[in-house]
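Note sheet for the following structure.
Nothing in this text is a laboratory measurement; each read-out follows from the coordinates by a stated rule. No experiment lies behind these values; they were computed from the predicted model shown. Positions of Cβ are generated from backbone atoms using ideal geometry, with glycine treated the same way; all protein chains shown enter the neighbour counts.
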Amino acid sequence: MEELIGKEAFMKATKYFINTWKGKHPTPYDFFNIFMRHAEDDISWFLKACYFEYGYADLGIESVNGNMITIAKKGSIPVSIKLEITFYDNTTEKICMNPVIWKTASTKFIVNLETNKIIKEIILGDSITPDIDLSDNIYQR
């Protein structure tokens, strides 16, 4: 959630929650309401998908056309896109997209690279990004 609402808002909401509910018995709704108040945007779409619906996190590299990468959201839980791209000259580029890109309920996101370099390999995700199926998270030319 920190990645979604920002570190400062996350810390303020966490401190407020701890101070407000110290020694009491909060419900999950108390937690959600505090974080929704501290977020700059409506995050109910995120909370609903993550806590109130059955689902799983699953992203995959759907296609690579030149320097245009299409990422598919196959699961229902919105997670950030983290890409590590290696080019044929052995330089790398890392891209991270906030989970807010899935707010509109779209199931595809296109990453357009601002380079003329040829892609050698793409790795989607990292060791802390949840993903149920890792078989489609690596692209090699």
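Quick one: if you stick a label point 7 Å off each Cα along the C-beta vector at residue 95 and residue 29, how many nm between them?
It is 4.1 nm.
How many percent of Cα pairs in segment 49-136 exceed 22 Å?
Roughly 25 percent, once rounded to a whole number.
Under a point-charge model restricted to the Cβ atoms of Lys and Arg (+1) and Asp and Glu (-1), what is the dipole moment magnitude of the chain relative to its Cα centre, in debye to the nearest 20?
Computed charge dipole of the chain: roughly 400 debye.
Please give the FRET efficiency for residue 16 paired with residue 105, using the beta carbon to beta carbon distance and R0 = 30 Å, rounded to the nearest 0.05.
That pair, residue 16 with residue 105, gives E of 0.50.
Just name one of 87, 61, 130: the one whose Cα is farthest towards the positive end of the charge dipole of the chain (beta-carbon charges, Lys/Arg +1, Asp/Glu -1).
130
Quickly work out the residue 88-to-residue 52 label distance, labels modelled 7 Å from Cα along the C-beta direction, and quote it in nm with one decimal.
It is 5.0 nm.
Going by amide H atoms built from the backbone, whose H comes under 5 Å of the H on residue 43, apart from near neighbours?
For residue 43, no residues qualify.
Please compute the net charge surrounding residue 16, taking Lys and Arg as +1 and Asp and Glu as -1 over other residues with Cβ under 12 Å from its Cβ.
+3
Test of understanding: what is the full-extension gain from residue 63 to residue 112, defined as 0.36 nm times their sequence separation minus their Cα-Cα distance?
On the way: separation 49, 0.36 × 49 = 17.64 nm, distance 1.21 nm.
The residue 63-residue 112 span can extend by a further 16.4 nm.
Past 30 Å, Cα to Cα, is the threshold; run 22/103; 73/94; 12/74 against it and keep the listed order.
22/103; 12/74
If I take R0 = 25 Å and measure r between the Cβ atoms of residue 37 and residue 129 in this structure, what FRET efficiency does the formula 1/(1 + (r/R0)^6) give, to the nearest 0.05?
Numbers: r = 27 Å, r/R0 = 1.09.
Between residue 37 and residue 129 the formula returns 0.35.
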